[in-house]
1. May I ask you to give the solvent-accessible area per residue for the range 153-204, in square angstrom, as obtained with a 1.4 angstrom probe?
2. For TRP305, what is the net charge nearby, where nearby means another residue's Cβ is under 12 Å from its Cβ and Lys, Arg count +1, Asp, Glu -1?
3. Using θ = phi - 60° and the Karplus curve 6.51 cos²θ - 1.76 cosθ + 1.60, what whole-Hz ³J(HN,Hα) does each residue of the range 297-307 get, with Gly and Pro shown as x?
4. For the range 23-124, report the accessible area per residue in Å² (1.4 Å probe, heavy atoms, rounded to an integer).
5. Just the number, please: carbon plus sulfur as a percent of the accessible area of the range 19-131, 1.4 Å probe, no ligands or DNA/RNA counted.
6. Please give the per residue volume of the convex hull enclosing the alpha carbon atoms of the range 1-82, rounded to a whole number of Å³.
7. Treating only the Cβ atoms of Lys and Arg (+1) and Asp and Glu (-1) as charged, compute the dipole magnitude of the chain about its Cα centre; round to the nearest 20 debye.
8. What order do SER44, SER168 take when sorted by accessible area (1.4 Å probe), most exposed first?
Amino acid sequence: VEFVPKEGNTVRWYICGPTVYDSSHLGHARTYVAFDVIRRILESFFGYDIFCVMNITDVDDKIILRARRNYLLKQYRESKPSLEAVLEDGFVELAQAQVKFEAKKAMLEVKVAAETRSGQKKGLEEEVNGLVYKHKLVEAQGAALAAAKAGEIKDVSALLDKVGDLISSKLDGEKGGDVRDQEIFRAHAAYYEQEYLEDMKALGVRVPDVLTRVTEFMPQIVTYIEKIIANGFAYATTSGDVYFDIRAFQKDHAYRKLSYNAATTAEQLAEGEGALSSGDGKKHENDFALWKSSKPGEPAWDSPWGGGRPGWHIE
């Protein structure tokens, strides 16, 4: 198929940017170096004028959780807890994490055993492997707690460096709803956005012509969702969430047209929906959130459905 720009020699290019909840990793490097190479070829070899726009996802469940937990852990450190207090808190959270892991693993293994379709079985098996891998990080923190209990780690700060994720998870469960200053979430996202841009500069990746952020386009996102509802492809729940109606869309359109596997695994769904989504009021389990009502401890913007924020897919 011949590539023909819509506006003379100008090519408008939108690139999905990172969700800035943590430091960039090798996957980011591979993605944006590849984009940059293609962009340079289009400009320098084919002579196109590229107008490049990149969006930064600066509000998301991952950002909310990480910002909240970092904030609470900082307060915890500043309270100067004793080694004994850190051990007690750590072992309590470790036990809960172990119970959750074993329950989820057992549930997934039952699904794997019952699944007869090869594509779906493979997806479930990958989900089990991912769960086991992530739990190894928890086990490493458990080993650090055991070492401290045995007297091998005596410095509280050093121990917190190793078991901070466990402690912050416990703190978030107890106090996460009390974190209400939206600047905490914005500052967290801004920090990792800047770190990402510095990483890209170090790799020689050129900056886009325009950099946008989700939080700068809330009115437009709300209007967009209202249009989807008006078109009959989304619905609001009594709790203030808005979901895309997959079955309504599939009546006249192909859904997941570009996916090699039409099935959606629970892991894929959870990745898009986020850890803070309840799923209450869904018509179908695979319907996904366009707007999420915000609970205490979560940033919120006004909408016809109440205070909330966009879902990852609409961003």
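The values are calculated or read from the model by the stated rules, or taken from the named source; none is laboratory data. Here the structure is a predicted model, which means the values were calculated and not measured. Every residue, glycine as well, gets a Cβ built from its backbone with ideal geometry; the counts of neighbours run over all protein chains shown. Areas reflect the complete protein model, heavy atoms only, side chains present, ligands, DNA and RNA absent. Shrake-Rupley method; radii C 1.70, N 1.55, O 1.52, S 1.80 Å.
1. Details: 2880 Å² over 52 residues.
Here the residues of the range 153-204 average 55 Å² of exposed surface.
2. Around TRP305, the charge tally is -1.
3. 3J(HN,Hα) across the range 297-307, in whole Hz: x, 10, x, 9, 10, 5, 7, x, 9, x, x.
4. Details: 5860 Å² over 102 residues.
Here the residues of the range 23-124 average 57 Å² of exposed surface.
5. Values: 3740 of 6370 Å².
Exposed carbon and sulfur together represent 59 percent of the surface.
6. 137 Å³
7. In total the dipole reaches around 500 debye.
8. Output order, biggest surface exposure first: SER44, SER168.
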